[in-house]
1. Residue 273 to residue 177: FRET efficiency via 1/(1 + (r/R0)^6), r the Cβ-Cβ distance, R0 51 Å, to the nearest 0.05?
2. Find the relative contact order for the chain and round it to a whole percent, using C-alpha pairs within less than 8 Å whose residues are 6+ positions apart.
3. What angle do you read, to the nearest 10 degrees and between 0 and 90, between the alpha-carbon axis of helix 87-117 and the longest principal axis of the chain?
4. What does the charge count around residue 77 come to, taking other residues whose C-beta lies under 15 Å from its C-beta (Lys +1, Arg +1, Asp -1, Glu -1)?
5. Compute the angle between helix 437-449 and the longest alpha-carbon principal axis of the chain, please, reported from 0 to 90 degrees and rounded to the nearest 10.
6. Between residue 193 and residue 145, with labels modelled 7 Å along Cα→Cβ, what's the label distance in nm to one decimal, could you check?
7. With θ set to phi - 60°, apply the Karplus curve 6.51 cos²θ - 1.76 cosθ + 1.60 along the stretch 202-211 and write out the HN-Hα couplings as whole Hz, x wherever there is a Gly or Pro.
8. Taking the alpha-carbon centroid of each part, what is the distance from the stretch 399-445 to the stretch 1-79 in angstrom?
Amino acid sequence: MKIAFHGAARTVTGSKHLISLKNGKKILLDCGMFQGMGRETDAMNEDFGFDAAEVTYMILSHAHIDHSGLIPLLVKRGFKGTIYCTPATFDLTEILLLDSAKIQEDDTKFKNKKLRKEGQPEVAPLYTVDDATRSVAALKKVDYKTWFRIDEDVEIYFTDAGHIIGSAAVHVRIAENGKTTQISFSGDIGRYNDAILRSPDIFPQADYILLESTYGSTLHAEAAPSDDLLIKYIHDTCKVKKGKLIIPAFSVGRTQEILYALNRAGLEGKLPKVDIFVDSPLSLEATDVVRHHPEVFNKTVAKMMEIDDDPFDFPGLHYIERVDDSKALNFRQEPCVIISASGMAEAGRVKHHIANNIGDSRNTILIVGYCEPQSLGGRLMRGAREVSIYGTHYDVNAEVGVIRSMSAHGDYEDLSQWLSCQDAKEVKKLFLVHGEYEVQQIFRNWLIKKGFSDVEIPERHSEIGLG
Ligand SMILES: [Zn+2]
């Protein structure tokens with residue numbers, strides 16, 4: 001058999017890996033969207049590097065758009081198989097794909113308006129709500145930690161990845177030529193001792209491993225101070241400077257993590273009295289899905305729920321759904337906190353909030369997650385003094401804050417802990433995916449020292465024989 005790396009290869013988004021069996025079957029691991037790759041992004045999303053109609057089935061590690069976002073395009077281009085995922089991923093993917101399709105349609109309408117004015121031919125969306133609806137019908141739930149037989153040659157097994165709710169590492173056992181081979185794909189690995197989720201789980205011995213490497217050269221600070229930092233930013237911005245604190249955050253995962261931290265601070269009497277807005281209809285839906293999957297929470301959350309039946313809600317929290325209410329926040333004079341998607345500030349309502357508030361030194365833009373270097377969040381993180389948003393130039397007068405330790409990705413110690421259940425000598429090859437190339441090279445050397453003799457950093461669209 002062979003494996004080809006069609007996305008998240010020497011970069012962090014677009015996760016897509018295709019296993020081809022000798023008998024012609026093709027198994028796709030994730031079908032993620034490239035995000036924040038500058039002008040290249042659209043072209044990269046159009047170019048799968050394989051024929052969608054030839055894919056037999058797909059396995060999805062978790063719901064994040066950079067892992068699931070091109071499923072509707074896969075279906076549009078002729079994929080007819082089943083997509084296997086965990087129950088919580090099933091629920092989250094449903095709302096995320098429909099939302100993503102709506103964004104594609106709205107963006108295209110906006111572009112076409114401009115093109116019509118210029119007398120240029122109109123463009124079609126990458127996919128539509130209709131394609132997303134057909135994709136959702138292809139999803140099938142498989143529980144954690146039970147071997148599930150897909151057909152006579154292939155079995156799959158999900159273990160908890162501790163990254164977002166429903167996130168899994170995917171283990172595929174394939175029988176070929178009388179021999180069984182296990183390929184283990186980490187998906188995105190979260191942190192051990194996460195505030196909400198259970199830690200990543202151990203897994204059976206693999207022959208080949210695909211390992212994410214987002215923070216392969218980083219050690220995060222302790223988890224606890226990030227909550228204190230968050231409260232400090234709210235206090236300094238809203239109470240001292242009397243400004244607005246804008247936090248770009250993924251609707252799924254990071255938003256709930258922030259709400260949980262704020263709720264806990266509220267219970268401890270540490271939360272400054274200020275209005276907090278979650279300006280993302282998707283976050284409201286996602287928080288609801290999270291509430292309905294208490295089975296994924298760790299013991300600390302379960303314990304908190306004994307005294308507080310909703311760990312994601314507290315006085316002063318408001319959800320904004322309607323666009324008019326979102327726009328009304330621009331005219332609000334009082335200090336407040338606005339949590340809004342997307343996490344890299346590349347799209348979504350947060351981009352408008354940043355445009356409206358970046359010029360005022362009383363305000364703060366607080367980055368709390370990974371940002372592609374070319375994305376708006378990435379440019380701000382690197383200290384840009386001037387940025388272009390929707391074609392208009394803005395001076396960066398607002399303070400830009402970063403809380404690095406609030407990551408949903410493990411650092412290299414976490415990744416190493418995830419690998420610690422494996423006998424390195426039994427692993428024939430370890431592929432590093434989902435990371436920036438410079439980071440991957442450092443991580444590769446570190447893994448070799450740990451006893452993994454063959455560590456490869458595959459290029460996009462490269463195909464490598466296994467076994
Ligand atoms: Zn993820």
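What follows is calculated from the coordinates using simple rules that are stated; it is not laboratory data. Small disclaimer: the values here were computed from a predicted structure and weren't measured. Please note: Cβ atoms are built from the backbone with ideal geometry, for glycine as well, and neighbour counts cover all protein chains shown.
1. 0.15
2. Result for the chain is 19 percent.
3. 70
4. Within the 15 Å Cβ shell, the charges total -1.
5. The angle comes out at about 50 degrees.
6. Here the answer is 2.2 nm between the modelled labels.
7. 6, 8, x, 3, 9, 8, 10, 10, 9, 10
8. Going from one Cα centre to the other spans 21 Å.
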